[in-house]
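Undergrad: Structure provided below as structure tokens; questions to follow.
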Amino acid sequence: MHNQHKILRVLQLITLLKARPAKSIRQLSEILTSSERTVYRYLDLLEELGFRVQRDSGFRVFIETVEADLHELVFTGDEAQFLHELLLTVGKKNRLSESILKKLYVNSDLQIAGNLLLRAHLGQIVQKLNEGIQHKKQVVLKQYHSANSNGISDRLVEPIRFTDSYQNLVGYELESGKNKYFNIERITDVVITKNHIKHAAKHKYEPHDVFGFANSNKKFEIDLTLSLRACVILREEYPQTALSIKRMQGTAKYRFRTTVYDLKPVSRFVMGFLGEIKINGSPAFKRHIREQIAKLMKL
């Protein structure tokens with residue numbers, strides 16, 4: 001979690017430097033609970049990223065916002081998505097981070113603390129799970145909300161690793177004897193037990209599809225044409241689909257092509273946007289959608 005704390009400190013520093021009056025290095029170190037040497041390193045980093053860090057006659061530091069900075073406030077789609085993930089848990093180092101860091105709060109009085117507090121429990125959950133992984137301890141996922149069983153229960157798990165962007169935990173569930181994916185946002189709390197992992201030989205990590213499902217020896221090719229609205233909501237609900245979506249030149253449509261291991265999530269999405277999504281090829285998927293529509297007609 002070292003990178004998470006470092007990025008958080010830098011974001012807080014940007015907010016502090018924008019707020020008047022200017023502050024001394026000592027004041028900043030006290031507010032950030034960091035050493036003065038660390039504050040100097042962060043200031044150097046901000047200057048490398050292009051921030052205009054200035055000093056007044058009393059050697060107090062601040063950031064002056066000018067009109068010329070306004071053009072830098074437009075985020076690309078990739079940057080906006082990464083920003084969402086960054087505020088959520090701050091995942092692994094990403095090349096987009098420096099670009100976003102430079103633009104963040106350059107001309108806004110919005111306080112980052114509000115967003116971070118809103119999702120603070122997610123950061124705490126990730127930190128506890130990471131501790132369980134590092135110390136090889138069994139953990140209890142308290143009041144886990146399962147979409148599959150449609151129930152809430154505690155799960156005793158041997159944590160294995162996180163998926164990309166810290167969206168899911170891969171863990172070996174003792175009760176079922178299976179390796180499963182657990183959505184971080186559905187975990188109410190984490191309790192690290194005193195018991196060390198006992199089933200390491202059974203731990204297995206299978207790469208998952210963009211909807212979070214692991215390889216189940218079944219593969220389905222998905223090829224969809226989306227409206228703008230369907231495209232935006234698909235990216236919001238399933239961020240990892242973003243790299244599989246391409247705009248169709250000369251149209252207002254988007255092409256989504258990927259391989260999935262389970263048809264349930266993508267079929268639920270398509271059923272919610274009938275009339276705005278065209279299924280290209282994918283005979284198995286078309287057959288599945290027809291069956292779902294037939295079930296609805298019976299109801």
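The values are calculated or read from the model by the stated rules, or taken from the named source; none is laboratory data. The structure presented is a predicted model; accordingly, all values stated were derived computationally and were not measured. Note: ideal-geometry Cβ built from the backbone for every residue, glycine included; neighbour counts use all protein chains shown.
Undergrad: Within region 269-285, track down each residue that is under 13 Å from Phe220 (Cα atoms) and either outside the structural domain of Thr225 (by TED's automatic domain parsing) or surrounded by fewer than 13 Cβ atoms within 10 Å (Cβ to Cβ) (or both).
TA: Gly281, Pro283 - these are the residues of region 269-285 that are under 13 Å from Phe220 (Cα atoms) and either outside the structural domain of Thr225 (by TED's automatic domain parsing) or surrounded by fewer than 13 Cβ atoms within 10 Å (Cβ to Cβ) (or both).
Undergrad: Hey, another quick one. Looking at the structure I just gave you, is Ile197 touching an Asp or Glu at 6+ places or on another chain (Cβ under 9 Å) and of a type in the set (Val, Ile, Thr)?
TA: yes
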